[in-house]
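K.L.:
Have a look at this one.
The values are calculated or read from the model by the stated rules, or taken from the named source; none is laboratory data. All values reported here derive from a predicted model rather than from experimental measurement. All Cβ positions, even for glycine, are placed from backbone atoms using ideal geometry, and neighbour counts span all protein chains on display. Surface accessibility is based on the protein's heavy atoms, side chains included, excluding ligands, DNA and RNA. Shrake-Rupley method; radii C 1.70, N 1.55, O 1.52, S 1.80 Å.
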Amino acid sequence: MFLRYNTRKKDGKEHRYWSVVENVRLRAGHPTVLYLGEINDVQQAAWRKSLEVINEIEQVTEQIYLFPEDREIPADVLNGLRVKLSELTLQRPRVFGDCWLGCRLWDELELGAFWRQRLPDGKAQVPWFKVLELLSVRQLAAPGSKWHLHRRWFLSSAMDQLLGEDFAVAAKNRLYECLDRIDEHRSALFTHLQARWKDLFGATYDLLLYDLTSTYFEGEMEQAPKAKHGYSRDKRSDCRQVVIAVVLSAEGFPLAYEIMPGNTSDRTTLQLFLQKIQSQYGQARRIWVMDRGIPTEEVLQQMRQSEPPVGYLVGTPRARWDQFKERFENVPWQKLRDTIEVKLLAEGQEVYVLAKSEGRRQKETAIRRRKLARLLRTLRVLRRTRQRPWKRDTLLHKLGAAHKEAGKAWGFVKVTVPKARQPVNRDTFQFQLLKDKLQDAEQRDGHYLLRGFGAGDQAAPLWERYMQLSEIEAAFKTLKSDLQLRPIRHHVELRIEAHILVCFLAYCLSVTLRKRLQAHAPGLTPRAVLESLSGILMLDVHIPLADGRELVMPRYTQPEAEHRLILEKLGWDLPPQPPPRIRRMRVPPTANKQERKGKM
């Protein structure tokens, strides 16, 4: 990179505008990295440009006039300074764009004002709400541990400039102490966010999506009573976990979540959330959309009999399809899309929707056939071993491994194993494919049954509402993959819940960005935008002054075409460049050593 100026005549006078450009020649010229602005030449006072600078030596803000070192300062200028542009250096490059975007989203949701009221400063050196903003923005932009934030990430980011705080905001103990103060305000946060999304996007809350997930821990977790072994959705049954139940609006805005012990059964959670939503948001006619396995018959009956009645739309086990199979055969199919067909059947207060998806049928059939083919190959290999016959116990071990790998496909094969003390041969070890059972299963592939009450009486709208459960699945994927909710490495229960709350705040920022992009740039994802804007860096421009001091100008790099397009779609502008500072020239340590050595 090198320094370059452009000359422009204005009002009969010559002006020079300085920039730092890359040492790469393109068709349009050298790409501009930093724009430094105008530095005065010898001009009349009416055309001289002043600069507001923070004097760190005297702790005051003053107006100064800058002149290049090859120009004399006019006699009528009292506070003029000559800058040695030939000795300009660029120091401390750090990420700016994604951090600024996170802070912009934080302000969009008015989270600063919310937490400022609930996290009093007390005797803290840094306001707690700024520490929480740092934790949340970091979890959005570059998720990782609190220790890494303290040791590396803060210094490599522009959060000090964006928060107006020095390294004290990222002190290790301060980060962990902040976690101890936030979880008690969770309910108030839910109410605040609901109001903000309603104001920003006109969000509605008459249709609620409900589902559960789990997240696991590293360690024994002796200080966390909720950490239990249970059904792991992360395929980590060896680790303790907690279960997280989440409620989303139809648009994907999170309304509430609850952290429960890791061995909690799905069927025991819905009653708690029904009461929680009613107590926090009041009683209203709402429709709950859930997957099968969550509600029990008792809870569904209570929802029908409550006042006002609570609607629901839930998936139903396929075994219930047999109960209405003959009646469904007399109902014609309604075609919704090229590969989707539905039927509707009224049964008392409820309606049942049978949906058929050709794409889902092909997928389910292909998965089953692939597992069956692998299982049959394994069984044939076990039967072909003649030179060294298997012992019965060895055969049972290998069949157990094949059973685990085949999963539900094992049920379509009948396996006969030798009895105790019998040899393993073709007579005692046999297997047979259950073709009738397989054919019946393939006829059911691609079909699923929905059960609804108070959610409508038309098949197409009911199916579309149920498909909105994909919003909550996407939320779980974002939390676990993009925002690194798992694994949790805290061992104290209060900080475990606070870590989940920080990830929840980061998800709120992400979903707000996603809704902005859906309206103006639907082809972009929040993660893609964050990665793109992370290319906007901030650097400190150090310019020595003729009097021995130096001028430090923090400057973010010029946005490229891709960045400008994203900002234009979002309707946001980058903030003004930070104010320059004047300070004493810092002598490198090597120079000090040489100076002392010379005096000796």
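K.L.:
Quick test of the membrane-span-like rule: which DSSP H helices of the chain reach at least 24 Å along their long axis (C-alpha atoms) with mean Kyte hydropathy at least -1.0?
P.N.:
Sorted by number, the helices that extend far enough and score high enough are 493-520.
K.L.:
With point charges of +1 on the Cβ of Lys and Arg and -1 on the Cβ of Asp and Glu, referenced to the Cα centre of the chain, which listed residue (Ala373, Val242, Ala227) lies farthest in the positive direction of the dipole?
P.N.:
Ala373
K.L.:
Okay, moving on. Keeping the other protein chains in place, figure out the carbon and sulfur percent of the accessible area of the chain, with a 1.4 Å probe.
P.N.:
47 percent
K.L.:
Exceeding 25 Å between C-alpha atoms, which entries from my cross-link table qualify? They are Lys325/Lys371; Lys325/Lys414; Lys226/Lys276; Lys49/Lys84.
P.N.:
Lys325/Lys371; Lys325/Lys414
K.L.:
Kindly provide the Kirkwood hydrodynamic radius of the chain in Å, to one decimal, from all pairs of distinct alpha carbon atoms.
P.N.:
About 29.8 Å, per the Kirkwood formula over Cα pairs.
K.L.:
For segment 193-226 and segment 290-366, what is the separation of their C-alpha centers, rounded to whole Å?
P.N.:
A separation of 26 Å, based on Cα centres.
K.L.:
With every protein chain left in place, what is the accessible area of Arg392 in Å² (1.4 Å probe, nearest 10)?
P.N.:
It works out to around 70 Å².
K.L.:
Under a 1.4 angstrom probe, counting protein chains only, how are His150, His491 ranked by accessible area, largest first? Present the calculation step by step, with values, prior to reporting the outcome.
P.N.:
Numbers: His150 30, His491 80 Å².
So the residues, ranked largest to smallest area, are His491, His150.
K.L.:
Under a cut-off of 20 Å between alpha-carbon atoms, report the aspartates and glutamates in cross-link reach of Lys391, not counting same-chain residues fewer than 8 places apart.
P.N.:
Output for Lys391: Asp427.
K.L.:
Continuing with the same structure: Using a probe radius of 1.4 Å on heavy atoms only, what accessible surface per residue do you get for segment 64-154? Whole Å² is fine.
P.N.:
Each residue of segment 64-154 exposes 44 Å² on average to a 1.4 Å probe.
K.L.:
So, one more: So, by mean Cβ neighbours within 10 angstrom, what's the order for 245-256, 326-337 with the highest one leading? Please list the in-between numbers first.
P.N.:
On the way: 245-256: 21.3, 326-337: 11.8.
Taking the mean over residues of other Cβ atoms within 10 Å, the ranking is 245-256, 326-337.
K.L.:
Tell me the accessible surface of His148 in square angstrom (1.4 angstrom probe, heavy atoms of protein chains only), to the nearest ten.
P.N.:
Solvent-accessible area, nearest 10 Å²: 80 Å².
K.L.:
What whole number of Å gives the distance from the Cα centroid of segment 137-154 to the Cα centroid of segment 461-522?
P.N.:
Rounded to whole Å, the Cα centres lie 18 Å apart.
K.L.:
Hey, another quick one. Could you rank Arg380, Arg318, Arg583, Arg116 by how accessible they are, 1.4 Å probe, largest area first? Before the final figure, lay out each step's value.
P.N.:
Working: Arg380 105, Arg318 70, Arg583 30, Arg116 125 Å².
Order by accessible area, largest first: Arg116, Arg380, Arg318, Arg583.
K.L.:
Calculate the length of the line joining the C-alpha centroid of segment 231-255 to that of segment 377-429, in whole Å.
P.N.:
38 Å
K.L.:
Express the accessible area of segment 220-378 per residue in Å², computed with a 1.4 Å probe while the remaining protein chains stay in the model.
P.N.:
52 Å²
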